[in-house]
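Reading through the structure tokens given below for one structure.
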Amino acid sequence: MAKQAFIPNLEPLIQMGINPRTGLPIKVSNIGTEQGLTVFDKLNIIDRQDAVNRYVWYNLPCDLSSQELENLLYSYYELAFFYYPVTGQFYFMRFALDGQGTSGLDFYGRMTDIHPIPINWGHDDKGNLIDNFKADAFTQAQYDYLSTLHLKVVYGIKDIENLTEEDLYNSAIIIRDYTPNKAAGNVAVPRQCIQQDLIKAMSEVFEYSKTSALLSTGVTGITVTDADEAFTKIDTSNRLVKQGALTGKPFIPVTGDEHLQQLTLGQGGKAEEFTLLLQSMDNLRLSMYGIDNGGLFEKKAHTLQSEQDMNGGPVGLVLQDGLQIRQNFCNIVNSIWGLGIWCEPNENIIGADIDGDGLMYDRNEGENSGAEGGQDNGNDSNDSNV
């Protein structure tokens, strides 16, 4: 009996960004070609790095690192955290509102009933759930269970004496990247979408700067009558100009006739103005994250520190907005499951040695590093465990 040919499923590799033929990441395999990283792509990477490293998380379950959780918030804005008894694990997932109209909303318009949607799932045009990529960690039965799982959203800290089985196994806590643009919190845009227009404009400034720098080189176009002038007289003139520049002789003889005339003048560009524009735009980008910067109108000349502080403007409230949302999330989670998770601003961002180790960065010494902050501030006094 002839052996049946095996046709591998390449779709999972493509969705993960892997080139099936080379086994390399698609972007890496294309570097050096026309499909390589653009300035826009590179600025996007920098922006994502700034965003995901603003805060440091401690004692996270789910086998997630601090950067991975922040990366999900950067990409999706809001996630639901819940305990999944089928696998005995905690998860951060996207979610959708249960019910129609005002059903599933409280007096303030906040969601009270939701169902989780795995990151790789979506909906078709009829509202049916579509599984774009099934991870090996889930069986079909678990996927079917998740699609029908209904969770009650908890918005406040729970008293240990009043904890119920529903709180432990059928509740969810929503975490958002920033305060939404509606009081109900149901309409907001992921951070990666907010930054796109600004990053695109910054990438265009690079091109403008390159054009300005090219014009400032003094390269000049001239009209010639035939190919002989192009490859003899012009070539000779170029060599004489270079030789005169290297020897300090500003005046050189150039022969020609009335047909050899100047077409354009090399104009000294002002590339530094584009640099200042780019710096101002980058300062605006950083201020949207609450990261200290030089301000939008930084002077060319040296400024006093007091002037610089006023010029930069107060950005701490922007950082505090995200921090308070994250710490409130930790307080609620710890009051229900006693996980001891906690979130602090990155020491590099606030310029303070929070853990007192004498270093302005996290040494990442293990999952318990920084746990004291969670125990002191995260309402970990209750001993409830799932």
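The values are calculated or read from the model by the stated rules, or taken from the named source; none is laboratory data. The model shown is predicted, which means the values in this text are computed figures rather than measured ones. With ideal geometry, Cβ positions are generated from the backbone for all residues, glycine too; neighbour counts draw on all protein chains shown.
Which of the residues spanning segment 178-233 are modelled with pLDDT under 70 and assigned by TED's automatic domain parsing to the domain that holds Gly109?
Correct list: Ala183, Ala184, Gly185, Asn186, Val187.
Quick one: count up the residues across segment 72-92 that are more than 16 Å from Arg326 (Cα to Cα) and among the hydrophobic types (A, V, I, L, M, F, W, C).
2
Could you please tell me which pairs satisfy a Cβ distance under 7 Å, a separation of 6+ or placement on different chains, a first residue in segment 271-290 that is at negative phi and small (Gly, Ala, Ser), and a second residue that is assigned to a helix (DSSP H, G or I) and surrounded by fewer than 16 Cβ atoms within 10 Å (Cβ to Cβ)?
Hits for this filter: Ala271/Ala213.
Let me spell it out: the conditions are (1) modelled with pLDDT of 65 or more; (2) part of a loop (DSSP other than H, G, I, E, B), and Lys42 meets all of them except one. Which number is the exception?
All conditions pass for Lys42, except number (2).
Taking into account only those residues within segment 112-158 that are aliphatic (A, V, I, L, M) and modelled with pLDDT under 85, which is farthest from the chain's Cα centre (by Cα)?
Ala141
Is there a residue in segment 258-270 that is at pLDDT below 80, under 35 Å from the mean Cα position of the chain (by Cα), surrounded by 11 or more Cβ atoms within 10 Å (Cβ to Cβ) and not aliphatic (A, V, I, L, M)?
Yes, some residue in segment 258-270 is at pLDDT below 80, under 35 Å from the mean Cα position of the chain (by Cα), surrounded by 11 or more Cβ atoms within 10 Å (Cβ to Cβ) and not aliphatic (A, V, I, L, M).
Determine whether Phe95 is out of contact with any helix residue (DSSP H, G or I) (no Cβ under 8 Å at 6 or more places or on another chain), in a strand (DSSP E or B), in the same structural domain as Pro180 (by TED's automatic domain parsing) and at pLDDT 75 or above.
Working: out of contact with any helix residue (DSSP H, G or I) (no Cβ under 8 Å at 6 or more places or on another chain): yes; in a strand (DSSP E or B): yes; in the same structural domain as Pro180 (by TED's automatic domain parsing): yes; at pLDDT 75 or above: yes.
Judged against the criteria, Phe95 is a match.
Here is a list: Asn283, Asn331, Asn311. Which entry is modelled with pLDDT under 90 and crowded, with 18+ Cβ neighbours inside 10 Å?
Asn283
Restricting the search to segment 99-111, which residues are surrounded by 12 or more Cβ atoms within 10 Å (Cβ to Cβ) and at pLDDT below 80?
Let us first name the residues in segment 99-111 that are surrounded by 12 or more Cβ atoms within 10 Å (Cβ to Cβ), namely 99, 104-106, 109-111.
Those that are surrounded by 12 or more Cβ atoms within 10 Å (Cβ to Cβ) and at pLDDT below 80: Gly99, Gly104.
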